[in-house]
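Notes follow once the structure below has been shown.
The values are calculated or read from the model by the stated rules, or taken from the named source; none is laboratory data. In this text, all values refer to a predicted model and were calculated from it rather than measured experimentally. Glycine gets a Cβ as well: all are built from the backbone with ideal geometry, and neighbour counts include every protein chain shown.
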Amino acid sequence: MRRGQAITHAGHRIQHHYFVNHGVVSLMKTMRDGRTVEIVAVGAEGMLMPGLVFELFETMALDGIVQVPGTAFRIRRCIFRREMESDRTLHQVMRRYLDFTAHQVVQTVACNCLHSLEERLCRWLIIAHDSTMSDHFPITHEGLALSLGVQRAGISLTAKLLQKAGLISYRRGMVTIANRIAIEARACECYDTLRDRMADMFDCRYPVSTAAPSESRSADTMMLCSEPNRPTREPMQRFNTPRPYRQAIPPSREACRPGGEEQ
């Protein structure tokens, strides 16, 4: 997935379902005057528009724009529906994820109305930190402004304040997370609310780490930068249950008409 790439388009029927492995895709609402705002940020824990799996919508309601580049699996819509209909566990998991997405949308609407730009920006940086599994990831002020529905100048000023406080560093479109704990402290409640919601729904675990900031962090352990000897919770383990279905379906099963319907 390339930064700025449009994976899905509002008003169009989709032929594939996308499951993000690494990176962030913003599901955006574009107004008539060209202004945009992010409705849902899909990271390494999720998929785009699960409601389409259950035929709740005929077409995409939002544009899917890659904000942080990465990778994703995709599977033809008709094949995934067929697999879900034949596997009760997969069906139940997708139902749960649809419920989580509904809570995510509601939380985002409330967040956009009630929380400050600094709180929302910190929440977004934490999500990106989790989904890239790296302390360094590319994002522009313009991309953040589009996602958060604000002017670029507001993002630049807020990011400058975070950088001055030693929480992040920013250079040539690359953000470095310098103090995860402090960013979480400044973020709004929405990150914790949704993280705990997913933990309850999917029985996710939070390993505890006592790593000091100077210790290196690998992609496998995803250790957080923190104060020395201070226990911290790692980013939530990614929801991986549907992945075997996306990897193991034989090519011969992909027998669909051009419109995405089964033959």
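Some notes on this structure:
- Options 24, 66, 37, 20; residue that is within 19 Å of residue 190 (Cα to Cα), out of contact with any Asp or Glu (no Cβ under 6 Å at 6 or more places or on another chain) and at pLDDT 90 or above: 24
- Members of the range 31-55 found to be assigned to a loop (DSSP other than H, G, I, E, B), touching a residue at least 12 places away in the same chain (Cβ under 8 Å) and on the phi < 0 side of the Ramachandran plot, listed by number: 35, 43, 44, 45, 46, 48
- The range 169-193, residues that are among the polar types (S, T, N, Q) and within 21 Å of residue 114 (Cα to Cα): 193
- Residue 86 vs. criteria among the small types (Gly, Ala, Ser) and either more than 27 Å from residue 130 (Cβ to Cβ) or over 16 Å from the mean Cα position of the chain (by Cα) (or both): yes
- Contact annotation: residue pairs with Cβ atoms under 9 Å, 6 or more positions apart or on different chains, pairing a residue in the range 122-137 that is farther than 9 Å from residue 183 by Cβ with a partner that is small (Gly, Ala, Ser) and part of a helix (DSSP H, G or I), are 124/147; 137/128; 137/131.
- Search result, residues across the range 56-103 that are polar (S, T, N, Q), in a helix (DSSP H, G or I) and either out of contact with any Pro (no Cβ under 8 Å at 6 or more places or on another chain) or more than 17 Å from residue 20 (Cα to Cα) (or both): 86, 89, 92
- Exactly one residue out of 123, 171, 180 is of a type in the set (Lys, Arg) and farther than 18 Å from residue 41 by Cβ: that is 171.
- Within the range 120-149, being under 12 Å from the mean Cα position of the chain (by Cα) and charged (D, E, K, R) holds for 123, 130.
- Unique residue being within 30 Å of residue 102 (Cα to Cα), part of a loop (DSSP other than H, G, I, E, B) and either of a type in the set (Ser, Thr, Tyr) or at pLDDT 50 or above (or both) when the list is 197, 205, 238: 205
- When each of 166, 154 is tested for being at negative phi and surrounded by fewer than 21 Cβ atoms within 10 Å (Cβ to Cβ), the lone residue that passes is 154.
- Residue list for the range 104-130, restricted to those being touching a Gly at 6+ places or on another chain (Cβ under 6 Å) and among the β-branched types (Val, Ile, Thr): 127
- Candidates 116, 134, 147, filtered to the one that is of a type in the set (Ser, Thr, Tyr) and modelled with pLDDT of 90 or more: 116
- Those residues of the range 1-15 which are buried (at least 18 other Cβ atoms within 10 Å of the Cβ) and part of a strand (DSSP E or B), in sequence order: 7, 8
- When residues of the range 174-192 are limited to those that are assigned to a loop (DSSP other than H, G, I, E, B) and within 19 Å of the chain's Cα centre (by Cα), the one surrounded by the most Cβ atoms within 10 Å (Cβ to Cβ): 187
- Scanning the range 164-186 turns up at least one residue that is out of contact with any Asp or Glu (no Cβ under 6 Å at 6 or more places or on another chain) and closer than 23 Å to residue 100 by Cα.
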